[in-house]
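Novice: Pasting in a structure now, in structure tokens, and then I'll have a few things to ask.
What follows is calculated from the coordinates using simple rules that are stated; it is not laboratory data. Quick caveat, the model's predicted, so the values are computed rather than measured. So basically every Cβ, Gly included, is an ideal-geometry build from the backbone, and we count neighbours across all protein chains shown.
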Amino acid sequence: MGKQQDVGEPDRHSGSDTTAHRPIGGSADERLTLAQDPTTPQMTLIDLASDPSPVVRKTVAARADAPAQALRPLTRDHDRQVREAVARNPSTSLANLMRLVKDADRWVRWAVAGNPACDESIRRVMSEASDKELRGLLAESRELEPELAAKLTDDVSPEVRERLATHTHDSDVITTLLADRTARVRKGVARNPRTTAEQRSALAADPVVDVRAALVRAVEVDEADLVRLVDDRSVQVRLAMATSEVVPSHIRQMLTRDSDEMVASAARDFRPGSGTSSAVRAPRIAHRPSAAGAGRRDS
């Protein structure tokens, strides 16, 4: 992780004192080249932070070696892509991240969520935000403190609770969400690879089809539960078993005789690595689509 330097510290990249910076002039392309140059002195980067070109300012904002004096004003830049670059910069100070996590633009706020420099104080603000997606990104965080995870188990949004259920490493949180009244939250628990055999057995008997189907797609289940699920009343569950990467072959063989031809055919035709497994994906990192998000104003 880079470290922000204040003016007056030696510029390790240029080998000279920060006060001996290059004069800035020329075209926008030349100034961009200067902003990209790893040997550019710190004082020059500070000057470039107020460049008329947003591309130049964004380049400075993304530099891990940018001094605090350069990044600080960029947290208030009128161009949201510049602020977003600061929000992603792992060298951005906690004070600046605190400002950006409250930014009016959602993409800037979401960028903060993926910054490894975030600490508990930033995550606490995220947990109290009205922005559902920001709380959802927090719910997927591996660094989430137990206190904040417990708080999110009562989140008003089922989506936030589902994302917490899928990604949490906290056994107490898993136990709490296993009893959630909303099916999509229990579906999230079903996809969590850190559930116990006992919890998976309970999920295999869940009254909601989507929960049982998610379970057999995502994690290994005890054979006794799988044998019962071979005769599940739902075609969706049996089809999920027939196409799951984690269901043993001898269980799948039982499904080749299923009364539903679609299930039987899927079991017969299954090939490992066919891409039908529903493994838990890595937590989302909020990246704005390059085209769709470029011209929108939002909050």
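Novice: Got a sec? Charge dipole of the range 119-193, +1 on Cβ for Lys and Arg, -1 for Asp and Glu; which of S141, G188, V125 is way out at the positive end?
Specialist: It is G188, whose Cα lies furthest towards the positive end.
Novice: Evaluate E = 1/(1 + (r/R0)^6) for D79 and K132, where r is the Cβ-Cβ distance and R0 equals 30 Å; express this FRET efficiency to the nearest 0.05.
Specialist: 0.70
Novice: Give the calculated FRET efficiency between E245 and D172 to the nearest 0.05, with a Förster radius of 25 Å applied to their Cβ-Cβ distance.
Specialist: That pair, E245 with D172, gives E of 0.25.
Novice: Restricting everything to alpha-carbon atoms, can you work out Rg to Rh for the range 89-157 with a Kirkwood hydrodynamic radius?
Specialist: Radius of gyration relative to Kirkwood radius: 0.93.
Novice: Turning to a different aspect of this structure: Cα-based Rg of the range 196-271 per 2.2 N^0.38 Å, rounded to two decimals?
Specialist: 0.97
Novice: Working only with C-alpha atoms, what are the Rg and Dmax values of the range 119-193, expressed in angstrom?
Specialist: 10.9, 32
Novice: Also: For the range 44-121, compute the orientation-averaged projected area of the C-alpha convex hull (one quarter of its surface), in nm².
Specialist: The directionally averaged projection comes out at 4.3 nm².
Novice: A follow-up question, please. On a C-alpha basis, how far is the centre of the range 143-157 from the centre of the range 181-241 in Å? Whole number, if you could?
Specialist: Here the two parts' Cα centres lie 24 Å apart.
Novice: Follow-up question, since we're still on this one. Within 10 Å of each residue's Cβ, count the other Cβ atoms and sort H169, H250 from fewest upward.
Specialist: H250, H169
Novice: Placing +1 at every Lys and Arg Cβ and -1 at every Asp and Glu Cβ, with all other atoms neutral, what dipole size does the range 119-193 have around its Cα centre, in debye to the nearest 20?
Specialist: Computed charge dipole of the range 119-193: roughly 440 debye.
Novice: Evaluate E = 1/(1 + (r/R0)^6) for R181 and S93, where r is the Cβ-Cβ distance and R0 equals 45 Å; express this FRET efficiency to the nearest 0.05.
Specialist: 0.60
Novice: State, to one decimal in nm, how far the label point of D269 lies from the label point of T196, with both points 7 Å from Cα in the Cβ direction.
Specialist: In this crude spin-label approximation the distance works out to 4.1 nm.
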